[in-house]
Amino acid sequence: GRHCPMLETGDKAPLFELEDDQGGTFRLADHLGDKVLLVFYPGDDTPVCTAQLCDYRDGIESFDGMGVKVVGISADDGESHRKFRAKYDLPFTLLSDTKLEVAASYGSKGMLGVKRSVFLVDKKGVIRYRHVESLSLFRRKRDEILEVIEGLS
């Protein structure tokens with residue numbers, strides 16, 4: 001396929017705007033000054049994603065305490081996201097990247113759609129942590145991400 005530039009830690013996070021699950025617009029530019037954890041995942045209610053997002057849900061107090069905004073991104077539409085959030089009581093925003101343009105800009109677009117990946121963006125909009133899965137059996141534990149967040153000023 002086409003070669004996507006791989007984002008590395010230290011790179012500027014590509015700015016984007018997407019519709020959120022409430023019908024509003026989420027602009028990454030509006031969150032400069034916040035730490036943002038972008039979680040790309042293949043789809044609502046797929047088993048591994050659900051486990052991954054529920055792991056983050058259960059750790060959300062830790063993220064919150066560190067002033068991190070968690071944002072889930074998949075190709076699902078807002079209605080699917082609303083049902084998914086309600087079902088699992090997910091306390092974070094879900095964004096609809098229906099054309100996979102944002103996933104592509106983050107090197108998280110694969111043959112089958114969105115690849116599971118995590119990007120931690122600091123207050124200046126710089127990527128401080130990234131993991132794009134290469135294997136299908138992958139779960140990034142929140143503890144590892146929390147360690148990175150703790151290292152941020």
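The values are calculated or read from the model by the stated rules, or taken from the named source; none is laboratory data. Quick caveat, the model's predicted, so the values are computed rather than measured. In this analysis, Cβ positions are derived from the backbone assuming ideal geometry, glycine residues included, and neighbour counts consider all displayed protein chains. Note: accessible area is taken over every heavy atom of the protein model, side chains too, but ligands, DNA and RNA are not part of it. Shrake-Rupley method; radii C 1.70, N 1.55, O 1.52, S 1.80 Å.
Couple of notes before you dig in:
- Taken over the range 51-63, the residue count meeting the criterion of being open to solvent by 50 Å² or more (accessible area, probe 1.4 Å) and within 15 Å of the chain's Cα centre (by Cα) is 1.
- Number of positions in the range 64-95 that are more than 11 Å from the chain's Cα centre (by Cα) and crowded, with 19+ Cβ neighbours inside 10 Å: 7
- Residue count for the range 101-122 satisfying the condition of being at pLDDT 95 or above and open to solvent by 30 Å² or more (accessible area, probe 1.4 Å): 2.
- Filter result for THR98 (among the polar types (S, T, N, Q) and open to solvent by 40 Å² or more (accessible area, probe 1.4 Å)): yes
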